[in-house]
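The values are calculated or read from the model by the stated rules, or taken from the named source; none is laboratory data. Please read all numbers here as calculations on a predicted model, not as lab measurements. Using ideal geometry, Cβ is built from the backbone for each residue, glycine included, and neighbour counts are taken over all protein chains shown. Quick note on the areas: whole protein, heavy atoms, side chains included, nothing else; ligands and nucleic acids left out. Shrake-Rupley method; radii C 1.70, N 1.55, O 1.52, S 1.80 Å.
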Amino acid sequence: MYNWIDELVSNTDFSQNKPLRDVVYESLRTTIITGKIPVGERIIEKEYADKLKISRTPIREALKRLQSEELVEYIPKYGVVVKNVNKDDALEVYKIREALEILVINNTIDNITEDEICQIKKLLDLTEMKNSEGDLEEVQCLFKEFNTCIYKASKMNRLPLMISQLNDYLHHFRNISILDETRRKSAISEHKKILEAIVNKDRTAAEELIKKHLKDSLSVVLKEI
């Protein structure tokens, strides 16, 4: 148990100019979505509070926020535990994400600039190179950067945050898919085809590619679940 509590403590940065409840919330959330706290593990307020030398109130407030996000759940006569992700949860997240991603891609087609296209092409070349070198950590970062570039090019400010929150829910499972070499290569190829469809302003192809990309990602997540 103390292994993850130590991880939790290391993620708690009191130097931030934020209310204590927000600092604790962000620390707990990061530690949960990165899979450091096992599913079903009980989060005991007193142990965390004692370790940080703070009161239990900000921890209690943070857990309530996490419960509303369905990252933890309260079990009567037992306490708050990290919530399990089941098949139905994953299917729902991907259905919502598909609808949002299609909206993003259509706006990207309308708004992307030549400079942004060049930037994404360089990013994809770098991703291929890092993948051939076996630098999985960098590939993971570049995948995220690809999505960020597409979202930015859409000129939609709120949707990326909504998608990010959905992705956080399945963060641990999605990261595992990076270890699958076949899936990793396919994802890079799909990213290239998505960019090509954007450049050609081919909405039908772009939407179909997004659906396939998410379907393939979902299959890996479901296998892990």
Single unsatisfied condition, residue 54 versus (1) surrounded by 18 or more Cβ atoms within 10 Å (Cβ to Cβ); (2) aliphatic (A, V, I, L, M); (3) modelled with pLDDT of 85 or more; (4) out of contact with any Phe, Trp or Tyr (no Cβ under 7 Å at 6 or more places or on another chain) = (1)
Every residue from the stretch 1-31 that is open to solvent by less than 50 Å² (accessible area, probe 1.4 Å) and at pLDDT below 85 = 4, 5, 8, 9
Hey, can you tell me all the residues within the stretch 5-26 that are out of contact with any helix residue (DSSP H, G or I) (no Cβ under 7 Å at 6 or more places or on another chain) and either part of a loop (DSSP other than H, G, I, E, B) or among the hydrophobic types (A, V, I, L, M, F, W, C) (or both)?
-> 15, 17, 18, 19, 23
Candidates 104, 93, 85, 80 - the one that is in contact with a Leu (Cβ under 7 Å, 6 or more places away or on another chain) and in a loop (DSSP other than H, G, I, E, B) = 85
Taking the stated definitions as given, is residue 41 touching a strand residue (DSSP E or B) at 6+ places or on another chain (Cβ under 6 Å) and of a type outside the set (Val, Ile, Thr)?
-> yes
Might you check whether a residue that is within 17 Å of the chain's Cα centre (by Cα), within 27 Å of residue 137 (Cβ to Cβ) and not in a helix (DSSP H, G or I) occurs anywhere in the stretch 27-34?
-> yes
